[in-house]
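Report on the following structure.
The values are calculated or read from the model by the stated rules, or taken from the named source; none is laboratory data. Everything numeric in this text was worked out from a predicted model, so none of it was measured. We place every Cβ from the backbone using ideal geometry, glycine too, and count neighbours over all the protein chains shown. For the accessible areas, the whole protein counts, side chains as well, though only heavy atoms, and no ligand, DNA or RNA atoms are used. Shrake-Rupley method; radii C 1.70, N 1.55, O 1.52, S 1.80 Å.
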Amino acid sequence: MTILQEREYTLGVAQNQKTAQLQIRVTGAQKSVIQRAAARAGMDMSTYVLSCVLSVPATQFQDAVAACAGPESRFALAELNAWLSSVLVGELRDAIAAAPTVALTPLLANTIAAMVELACAQHGMVPPAWTREIEPLDEPAFGSALQSVRL
């Protein structure tokens, strides 16, 4: 089980707790259409509507970034990198459109921004604006203390 899967499994109950309500007005016919579509998808109406509105790749990206801010950040960063490398260009564009929503240290914010920029370069797309809004570090940071692996 990957760290992301473990996090989803262990925090699933807390993440799925509903703390707010959204009410929309629809016609009776619209409600019937939504009910039938939800039933065909095997979901309740709320879950169905949320799945249509909220992007799965965007949620996966935000969850992966949140895992990076946790105690197993080293492994979570590797998983985020693997995930960014595996998504298709359309999914990537959707996933990274919004900046991370969790509080990140300057080093972690820069690391994640660099990973996103690299994934964008590999797909031939322009990185999202939020990556340019992250303050650069005062001093360079290296993944290893070994001088022989530095430029």
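In summary, Pro57 fulfils each of the numbered conditions (1) out of contact with any helix residue (DSSP H, G or I) (no Cβ under 8 Å at 6 or more places or on another chain); (2) surrounded by 14 or more Cβ atoms within 10 Å (Cβ to Cβ) with the single exception of condition (1).
I want to confirm something. Restricting to the range 26-60 and keeping residues that are modelled with pLDDT of 90 or more, in a helix (DSSP H, G or I) and among the polar types (S, T, N, Q), which single residue is nearest to Val102 (Cα to Cα)? Ranking the qualifying residues of the range 26-60, first place goes to Gln60. When the range 77-96 is examined, which residues are found to be farther than 13 Å from Val65 by Cα and either open to solvent by 70 Å² or more (accessible area, probe 1.4 Å) or in a helix (DSSP H, G or I) (or both)? Within the range 77-96, Ser85, Ser86, Leu88, Val89, Gly90, Glu91, Leu92, Arg93, Asp94 meet the criteria.
Within the range 108-126, residues that are under 17 Å from Trp83 (Cα atoms) and assigned to a loop (DSSP other than H, G, I, E, B) have Cβ atoms under 7 Å from residues that are among the polar types (S, T, N, Q) and modelled with pLDDT under 95 in no pair, counting only partners at least 6 apart in sequence or on another chain.
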